Amino acid sequence: MKKLLSFALFDSGETILGALIFSTFYPLYITQHIDPKLYSFFYGFAFFLSFFVALPLAKVADKRAFRKHFFILFSILTVLFGVLLSLTVPYPRGNLFIYLLMVVFHQQTMVFYNSLLAGLPQKGFASGFGVAFGYLGSSVSLIFLASWLKVPEVFYQASFIFFILALPAIANLPNPPSRKAVSIKEVTSDRKFLLLILSILSLTEVANTLIAMMGVYLKNAYMLEAKEIYRVIGLSALGGVLGGIIFGRLTDKLGAKTLFPLAFLLWPCFLVLLFFIPKDFVLILGLLGGLSLSHLWTTSRVLLIESFPAEEVSVRMSFLSLTERIASTTGLWTWSLFMLLTQNNYKLSALLMIVFPTLGFLLYWFSKR
């Protein structure tokens, strides 16, 4: 239980860091000094760069069993650069450079954190427990902490919270001992792996678009007031907590290979309900959205561990991390295109997003053949 709790506490700390710095305070600070479009470009470039940093490091981690070593290193670097953000606020250009390095370090941390899941006996419950704690962390940080914090102090404060919650993982999580000299060429020529990664990407397109646009959607499609929007989003967080625990248990009992395909039913159901459900029953959307998100985050990383050799876990997780970053961009681009084609019809645009889980199902089906 100590290892499971340590894994989950790190997930909570990571989501607090993300909610307070990456999603809220830093974008608000830096866009006062540079054009938001320029910030978006550099932020996206940092994610792109992260993948090409992660691949060679993941090869070393798998070859020498350095997964926990790199996890500790990049956790500490993330904290140190969070502190530097606070100290360099008067110098926006230099501050942005430090921030982009922090983004790269944070992404490496997540790759090797997910790799450590291979060393835990109850991988499904550990993954789901982490998702549940992650939802709790983001909710607590935005509801109770955000209103008390301000720039520049928030950058080191959030970093210290992250570090404190990361300490149990640093102390208690085992380092998977498996070793292998992994060939990137062999991994990228593995048809089954590429189709599965693209299938996960298709689902993540919808998930990340939902996270980014749900507040705007509820306001324009249902004319909800701010308090009602918070209630729906709050219920989605509750659905995420419940879903993480439930799907974590089911993943251990049934296996991720059995449970993961449920996503191809959950997401179309959510999108169809999003189109048809009346305003009086809109709270159901929050619960189902949270359950769908927690199912995806819980099962996808365990699926890679179940489906491929454990000694290649870091390299495989690098590609999983890439799908999450790509989806953040392409999902929103597609949503914008649908909005343009439907002349700003929010409900129809959301319904058209059903193309992604449909495509994901086809890719997953071909990966099994």
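The values are calculated or read from the model by the stated rules, or taken from the named source; none is laboratory data. A quick note: this is a predicted structure, and the numbers were derived from the prediction, not measured. So basically every Cβ, Gly included, is an ideal-geometry build from the backbone, and we count neighbours across all protein chains shown.
Residues that are free of Cβ contacts under 8 Å to residues at least 12 places away in the same chain, closer than 19 Å to V89 by Cβ and either hydroxyl-bearing (S, T, Y) or crowded, with 17+ Cβ neighbours inside 10 Å (or both) within region 1-60 comprise S23, T31, listed in sequence order.
Listed here are the residues, each with its yes/no results for (1) of a type outside the set (S, T, N, Q); (2) farther than 17 Å from A207 by Cβ.
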site: L291; (1), (2): yes, no
site: S300; (1), (2): no, no
site: S307; (1), (2): no, yes
site: A310; (1), (2): yes, yes
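Exactly one residue out of S336, S349, S294, S314 is closer than 28 Å to P177 by Cα, outside the structural domain of V131 (by TED's automatic domain parsing), of a type outside the set (D, E) and in a helix (DSSP H, G or I), and it is S314.
Conditions tested, residue by residue: (1) under 20 Å from the mean Cα position of the chain (by Cα); (2) free of Cβ contacts under 8 Å to residues at least 60 places away in the same chain; (3) surrounded by fewer than 22 Cβ atoms within 10 Å (Cβ to Cβ).
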site	(1), (2), (3)
L273	no, yes, yes
S294	yes, no, no
T298	yes, no, no
E311	no, no, yes
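Quick check: anything in region 277-284 modelled with pLDDT of 90 or more and of a type in the set (F, W, Y)? Looking through region 277-284, none of the residues is modelled with pLDDT of 90 or more and of a type in the set (F, W, Y). Screening F74 with (1) in a helix (DSSP H, G or I); (2) in contact (Cβ under 8 Å) with a residue 40 or more places away in the chain gives one miss only, at (2). A single member of L201, L165 is in a helix (DSSP H, G or I), within 20 Å of L303 (Cα to Cα) and not hydroxyl-bearing (S, T, Y), and it is L201.
Contact map, region 109-138: residues that are not assigned by TED's automatic domain parsing to the domain that holds E306 paired with residues that are buried (at least 24 other Cβ atoms within 10 Å of the Cβ) and of a type in the set (K, R), Cβ distance under 7 Å, separation 6+ or inter-chain. Pairs shown: F112/R67; N114/R301; S115/R67; L116/R67; L117/R301; S127/R301. Checking each residue in region 257-284 for being of a type outside the set (A, V, I, L, M, F, W, C) and part of a helix (DSSP H, G or I) picks out K257, T258, P261, P268, K279, D280. Among the residues of region 76-102, those identified as more than 16 Å from F41 (Cα to Cα) and aromatic (F, W, Y) are F81, Y91.
For region 12-47, the set of residues classified as touching a Leu at 6+ places or on another chain (Cβ under 9 Å), closer than 30 Å to R67 by Cα and among the aromatic types (F, W, Y) consists of Y26, F42, Y43, F45, F47, listed by residue number.
Please determine, by comparing only the residues of region 208-241 that are part of a helix (DSSP H, G or I), more than 24 Å from the chain's Cα centre (by Cα) and without any contact (Cβ under 8 Å) to a residue 60 or more places away in the chain, which one is nearest to S294 (Cα to Cα). In this case the residue turns out to be E228.
Sub-7 Å Cβ pairs linking a first residue in region 82-107 that is outside any helix (DSSP H, G or I) to a second residue that is not aromatic (F, W, Y), at least 6 apart or interchain, are T88/G94; T88/N95; T88/I98; V89/N95; V89/V151; V89/P152, ordered by first then second residue.
Sort out which residues of region 168-191 are in contact (Cβ under 8 Å) with a residue 12 or more places away in the chain and part of a helix (DSSP H, G or I), and write them in order of number. Within region 168-191, P168, A169, I170, A171, N172, I184, V187, R191 qualify.
Quick grid of which residues meet (1) of a type outside the set (S, T, N, Q); (2) more than 18 Å from L84 (Cβ to Cβ):
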position	(1), (2)
F125	yes, yes
G128	yes, yes
Y135	yes, yes
S139	no, yes
L149	yes, no
E153	yes, no
I161	yes, no
I164	yes, yes
